[in-house]
Amino acid sequence: MVLTELWSCRLAYNLIRLKMLQSGMATARDPRSLSFTTTQQLLGTNWLPGGVTGVCVELAALGQQVPCSERVGQAGRVEPRANKRRPKILALLEEPRSHHKMQRALVW
């Protein structure tokens, strides 16, 4: 069952990428600039009704245009990006732990 699930996920991923490639070729855009999530949502909402009622010309045209509506990525961005160094929340202990515990016990 695990192998069946892995293969079905791989098949679904490849079908979504195929749809992105087809949409990119139909609109003369780079398929890597298309949104995977938008294409996945489009196919999830349109495949079942299209399978039940049949695919009309308008639905097919909409299916070619919608994945191209959202552009991802930034022009001129350089990879890998640098990670920001976050400030530490806690102060560092600069003396032996036993000495620090003794001082805390005196304060209490």
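The values are calculated or read from the model by the stated rules, or taken from the named source; none is laboratory data. Since the structure is predicted, the reported quantities are computational estimates derived from the model, not experimental observations. Note: ideal-geometry Cβ built from the backbone for every residue, glycine included; neighbour counts use all protein chains shown.
Assorted remarks:
- Taken as a whole, the condition of being outside any helix (DSSP H, G or I), modelled with pLDDT of 80 or more and either surrounded by fewer than 10 Cβ atoms within 10 Å (Cβ to Cβ) or not aromatic (Phe, Trp, Tyr) (or both) applies to Glu95.
- When residues of the range 1-52 are limited to those that are assigned to a loop (DSSP other than H, G, I, E, B) and either within 19 Å of the chain's Cα centre (by Cα) or charged (D, E, K, R) (or both), the one surrounded by the most Cβ atoms within 10 Å (Cβ to Cβ): Ser35
- The residues of the range 1-26 that are under 18 Å from Gln40 (Cα atoms) and of a type in the set (Val, Ile, Thr) amount to a single one, Ile16.
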